[in-house]
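Data first, discussion second: the structure below is written as structure tokens.
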Amino acid sequence: MGSPPICSGSQATLPSKLESRPPRERAYVALGSNLGDRAAHLRKAREALASLPDTELVAASAIEETAPLGGMRQPSYLNQMVLLETGLEPRRLLEACQAIEQQEGRQRTERWGPRTLDLDIVRFGDRRVSDSDLIIPHPELSDRDFWRRELAELNSHER
Ligand code: A4P
Ligand code: MG
């Protein structure tokens, strides 16, 4: 009788794509526009967010027309919220949002004034950030009924 075959125990190596990549987090980004072709600004913002590196646009809420907040006379807004799954850090996402606002012709004149496109990070996973230029969750969340409705809508069809 011959000796049993020697199994060359395979020292499995992990495929490189399983190597330590930080898990993606869920980021909720609010879109607002009250100047120019408002629906087109929102559409281009969705497309630009969906094409960010290491980012997927998982869901978008309905678009809602809302009366302007903040007491300034200005046209009504179209508002919408999107859910992203992203490997970007919050600050990197903020920079990307500001670049997308610029692409859509945003001019910063007065705070809470009219704008072609405004992108606000409403939530980012469970993170809490309170830097001078980035606050998460967004401080206006509790005061904006339409944001709370949009968040609820996005969470209602979580996958
Ligand atoms: N910033 C801090 N935290 C954040 C965050 N979580 N997401 C800083 C995004 N930005 C954040 O923003 C001012 C600064 O906020 C940025 O430089 C960033 O570093 P901005 O977009 O330049 O100016 P803003 O939008 O005029 O001010 P702010 O405080 O962002 O106002 P909001 O909350 O964006 O409100 N009415 C209706 N119906 N719908 C609206 O969407 N939006 C506004 C603007 C007013 N009225 C509105 C709506
Ligand atoms: Mg803003």
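Bear in mind these aren't lab numbers, they're just calculated from the coordinates by the rules spelled out. Since this is a predicted model, take the numbers as computed values, not measurements. Don't worry about glycine lacking a Cβ; one is built from the backbone with ideal geometry, like all the others, and counts go over all protein chains shown.
If R0 equals 22 Å, the separation of the Cβ atoms of R148 and A39 corresponds to a calculated FRET efficiency of about 0.45. Modelled spin labels at D126 and H157, positioned 7 Å past Cα toward Cβ, are 2.8 nm from each other.
Both radii are taken from the alpha-carbon atoms of region 22-157; with Rh as the Kirkwood radius, Rg/Rh is 0.93.
State, as an integer percentage, the relative contact order of region 22-157 based on alpha-carbon contacts under 8 Å between residues 6 or more apart. This gives 33 percent for region 22-157.
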